[in-house]
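Below is one structure; the comments refer to it alone.
The values are calculated or read from the model by the stated rules, or taken from the named source; none is laboratory data. It should be emphasised that the depicted structure is a prediction, and the values quoted were computed from it without experimental measurement. Positions of Cβ are generated from backbone atoms using ideal geometry, with glycine treated the same way; all protein chains shown enter the neighbour counts.
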Amino acid sequence: MYLTTYYFRKVQVDQKEERGTAIHKEAIAKREHWVGYAWRGFWGSVESSKAAAELPHSKGGGMAGNGERNTEERDRAVAYGILRLAVGVNLFGHGFVRAVSGVGGFVDWMVQHMSGTIMPVWVVRPFAYFLAVEELVVGALLIVGWFTRPALIVGALVMVALTWGVVMKQDWPTAGLQLSYSIAFFLLLFFRKYNAFSVDGRRKP
């Protein structure tokens, strides 16, 4: 009788322990499930945020960025056009005044001005005639932006020749002025891709 009672009590205890263990395991499983679910949700949101941040442009940001870049490109084209126009008006004005007042007077002045140098008259006189025409033509081409590249190259080379002449004259202030013209030609040729507001820019396919 005693053994039977002990056996039933032990069975009941074992069953209670098994039920407690099962409940405990079930609670742990549920907790792990919800923790995992929360962690996956959090990590998924982090990954989504990172992916969105790594996109090249969002819709709003892309439009704003494109707008800023377009404005910058337009400003550079405007700045280039203003510099090209200023150089062109300067050159054309020189040539126009000399043509109106008489090219012969300008040629005689240059021959006299270079008389104290090693430059011979037979070089100075034809160069002076050429200079008057070159300033008129190159200046007009730069004003409208037509054949811009060859006009800039010719103008820059003529400026080198003029600089050589004033250096032979030891006219250093004028040599410095000629250097500023050379820098302007260099900038216009170097940044010619911004020559949008011009005849050449209109003729591009």
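Picking from residues in the range 97-155 that are surrounded by 20 or more Cβ atoms within 10 Å (Cβ to Cβ) and in a loop (DSSP other than H, G, I, E, B), the one that is modelled with the lowest pLDDT is Met114. Looking only at residues in the range 165-176 that are closer than 21 Å to Val87 by Cα and surrounded by fewer than 13 Cβ atoms within 10 Å (Cβ to Cβ), which one is nearest to the chain's Cα centre (by Cα)? Taking the candidates together, the pick is Gly176.
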